[in-house]
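Structure first, then comments.
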Amino acid sequence: MAELKLTDVAKAYGDVKVLSHINLDIQTGELIVFVGPSGCGKSTLLRMIAGLEKITGGTLEIEGDVVNDVPPAQRGIAMVFQSYALYPHMTVRDNMAFALKIAKKPQAEIDAAIERAAKILQLDPYLDRLPKALSGGQRQRVAIGRAIVRDPKVYLFDEPLSNLDAALRVATRIEIAQLKESMPDSTMIYVTHDQVEAMTLASRIVVLAGGGISQVGTPLELYEKPANTFVAQFIGSPAMNMLPGRIVGTGDATRIGLPTGAEVDVPIPSAAALDGAEIAIGVRPEDLTVAEEGDPVLIDSTVLLSEKLGEVTVVYCNPVKAFEGDDAQTIAKLPGIHQISRGTPLKLTAPLEKLHLFHEGHSLLYI
């Protein structure tokens, strides 16, 4: 299959810059997921790779060839859109065969391609049905099958599960993961706003924000070592809590002053120049626990609301002054069932190695 290289790629509509300085190497066999908030340009970037949007700066290479001006049909790319876009009057077989017939492929080759794709996607029993006789998940599989039969260099998925209900999204996400396992040499680029899809499917995640790339890494790299506060709060649900703090000692470990007045040593190195700096202390809701005698108290709060979900209890605590100056609720995700009512005083702590430290929005790990 194919390697892709984006070098200083940019997109602008007149004077409005949508994307700039996009530099990314995608290796053969990777499943790359673009995520980011609405309007960050993830679908636009995917469409630029497909050739449906003109690149206004930089270069896009596929297998070493610059394809900026190559028409979409000649790039060796197949795209699965958010809407299934199936022909309602055609059977599943005819929908999947349509592009190959237009390309005047031999009938034997078309039949073999459809048989292969139907087997991969478990569509064999439905080949003679019309789309109206299929479920939403089956229709999406047909749309994917229509891409597979073309045997492209690169598969592009533009939010393919967003039209499905919650149960179907989970089932179809599993099917896409299994599809990738069955096609290990296929290069896939997947756009979604759903971080669960990103975390479960991706070889690497590309987080887009502010017209550029905020961070690239494996799902666990982004979860455990976010480069900045945006990635820290975008990856993970509920979002990472941000608390105000101050550096009171530097070196191989950083001594920080907590909002409660306590001081602790966090196993993150820091430069002497940061001594006395105001920082944001990040802690994920699932890393918080109820403080016991002798534990450093990270959050001293009053419960506003608790949600008992069975496997966890999600606790919303009184507003804490966030690093940026806004009032923000602190959220704890406590395992099991806890009988905690509104107005209950609650002291929370977390393992020191689970704390994240940010100075001027950037993680100390990357400074």
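The values are calculated or read from the model by the stated rules, or taken from the named source; none is laboratory data. What you see is a predicted model; the values in this text were computed from it and never measured. A quick note on method: Cβ atoms are made from the backbone with ideal geometry, for glycine too, and the neighbour counts reach across all protein chains shown.
Which of the residues spanning the stretch 114-126 are buried (at least 20 other Cβ atoms within 10 Å of the Cβ) and either over 24 Å from Asn163 (Cα atoms) or charged (D, E, K, R) (or both)?
Looking only at the stretch 114-126, we keep the residues that are buried (at least 20 other Cβ atoms within 10 Å of the Cβ), and these are 114, 117-118, 121, 123, 126.
Correct list: Ile114 only.
With in contact with a strand residue (DSSP E or B) (Cβ under 8 Å, 6 or more places away or on another chain) and charged (D, E, K, R) as the only criterion, which of Arg129, Arg116, Arg139, Arg75 stands out? Result: Arg75 is the single residue among Arg129, Arg116, Arg139, Arg75 that is in contact with a strand residue (DSSP E or B) (Cβ under 8 Å, 6 or more places away or on another chain) and charged (D, E, K, R). Scanning the stretch 217-234 for residues that are in contact with a helix residue (DSSP H, G or I) (Cβ under 6 Å, 6 or more places away or on another chain) and over 19 Å from Ile268 (Cα atoms) returns a single hit, Pro219. How many residues are assigned to a loop (DSSP other than H, G, I, E, B), over 29 Å from the mean Cα position of the chain (by Cα) and within 13 Å of Arg146 (Cα to Cα) if we restrict to the stretch 105-126? Residues in the stretch 105-126 being assigned to a loop (DSSP other than H, G, I, E, B), over 29 Å from the mean Cα position of the chain (by Cα) and within 13 Å of Arg146 (Cα to Cα): 0 in total.
A count restricted to the stretch 338-359 and to residues that are surrounded by 15 or more Cβ atoms within 10 Å (Cβ to Cβ), of a type outside the set (Phe, Trp, Tyr) and in contact (Cβ under 8 Å) with a residue 60 or more places away in the chain stands at 8. Per this entry, Thr250 is counted among residues that are crowded, with 18+ Cβ neighbours inside 10 Å, of a type in the set (Val, Ile, Thr) and more than 10 Å from Leu357 (Cα to Cα). Among the residues of the stretch 53-80, the ones that are surrounded by 14 or more Cβ atoms within 10 Å (Cβ to Cβ) and either among the charged types (D, E, K, R) or part of a loop (DSSP other than H, G, I, E, B) (or both) come to 10 in all.
Are any residues in the stretch 268-323 among the acidic types (Asp, Glu), buried (at least 17 other Cβ atoms within 10 Å of the Cβ) and either under 24 Å from Thr250 (Cβ atoms) or not assigned by TED's automatic domain parsing to the domain that holds Leu348 (or both), and if so, which ones?
Let us first name the residues in the stretch 268-323 that are among the acidic types (Asp, Glu), namely 275, 278, 286-287, 292-293, 295, 300, 307, 311.
The next check asks that each one be buried (at least 17 other Cβ atoms within 10 Å of the Cβ); those that pass are 286-287, 300.
Of everything in the stretch 268-323, just one residue is among the acidic types (Asp, Glu), buried (at least 17 other Cβ atoms within 10 Å of the Cβ) and either under 24 Å from Thr250 (Cβ atoms) or not assigned by TED's automatic domain parsing to the domain that holds Leu348 (or both), namely Asp287.
Quick one: is Pro88 modelled with pLDDT under 95, over 12 Å from Asp158 (Cα atoms) and exposed (fewer than 13 other Cβ atoms within 10 Å of the Cβ)? Steps first, answer last, please.
Working: modelled with pLDDT under 95: yes; over 12 Å from Asp158 (Cα atoms): yes; exposed (fewer than 13 other Cβ atoms within 10 Å of the Cβ): yes.
Criteria met by Pro88.
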